Amino acid sequence: MKIEFTQKQYEALLKIVYLGSWMASSTKEEPAKEYEKIEQYVLSFAKDFKMEKFVGFDKKQKSYYPSEEFENSTDVVEQIDSYNEYTVWEALVLFLSRRDLIKKYGAEKVDKMSDEELLEKEYPFIQKYEEEFRDHGLDNLYVKSKK
């Protein structure tokens, strides 16, 4: 099978592969080998698409890597920042909602809830926190000390 790309499509593919690889390996000590192989394969075509400024080659390790210019490009940085912001807010909302649900019903009862019941009972907490953070950000969030 052969897939053909325009230069613009290849540049978009580079970004998708980089972002996917970044997400899949940013929390791991070692990147997943199967993803790394695909990334190497895609990066290896940079010269063919006249994208050498975005991809370097380490002769010692015999591997391709995204250039600093590529990693610092506005598109890539904005995508990562946007993803990070979204996941922080999403995690905070879900964590606080689950905490409040457990506080109201007890951990044992929550564990026994069906997915449907869990969603029904947790959704009001989710809405509350989404609205709060949308309207006020972190302005009203405080850590209570037990001193």
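The values are calculated or read from the model by the stated rules, or taken from the named source; none is laboratory data. All values derive from a computational prediction rather than experimental measurement. Here the Cβ positions follow ideal geometry from the backbone for every residue, glycine too, while neighbour counts run over all protein chains shown. Only protein heavy atoms, including side chains, enter the accessible area calculation; ligands, DNA and RNA are left aside. Shrake-Rupley method; radii C 1.70, N 1.55, O 1.52, S 1.80 Å.
Annotations
- Out of L96, L92, sole residue that is under 30 Å from Y142 (Cβ atoms), open to solvent by 30 Å² or more (accessible area, probe 1.4 Å) and among the aliphatic types (A, V, I, L, M): L92
- Scanning region 42-82 for residues that are in contact (Cβ under 8 Å) with a residue 40 or more places away in the chain, open to solvent by less than 90 Å² (accessible area, probe 1.4 Å), under 17 Å from S21 (Cα atoms) and in a helix (DSSP H, G or I) turns up F54, F70, E71, D75, V76, I80.
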